[in-house]
Amino acid sequence: MKKLISNFTIQVKHALEMAEQVTISDIVNEIRQVVICGMGGSAIAGNVAAEAIFSEVKVPIILRKDYELPNFVTKNTLVIISCYNR
């Protein structure tokens, strides 16, 4: 756990580098809500991401800590699944 915590900043930097390569401009106007899924430590990443973009996002961000997606998810929902597996 100590090693994971000490490498956290490296993981965040890597995640930001990966995010810069993603383009969703074609669908951004169609997104009506964001659902971030994750359990345990993966849910923490979703919490951090939601807080980091809260003031910039104009749609609801829902954090889901379960195995099933909510019934309101449609083609206009951006679903982000956070999972860590060694």
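Computed values, structure above
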item	result
Label-point separation, Ile27 to Ile44 (7 Å along Cα→Cβ), nm	3.0
Between the range 1-21 and the range 55-86, the Cα center-to-center distance that results, in Å	21
Label point distance in nm, Val79-Glu17, each placed 7 Å from Cα along Cα→Cβ	3.0
Inter-label distance, nm, simple model (7 Å from Cα along the C-beta direction), Leu4/Leu63	1.6
Estimated 222 nm signal from helices in the chain, with DSSP H stretches of n ≥ 4 weighted -39500 (n - 2.57), rounded to 500	-10500 deg cm²/dmol
GNM flexibility winner over the chain from Ile53, Ile24, Ile36 (Cα, springs under 10 Å)	Ile24
Those aspartates and glutamates that a straight Cα-Cα span of less than 12 Å connects to Lys75, excepting residues fewer than 8 apart in one chain	Glu30
Surface/4 of the Cα convex hull for the chain, nm²	6.5
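No value in this document is a laboratory result; all are computed from the given coordinates. Every value quoted in this text rests on a predicted model; they were computed, and no experiment measured them. Heads up, the Cβs are rebuilt from the backbone with ideal geometry, glycines too, and the neighbour counts pull from every protein chain shown.
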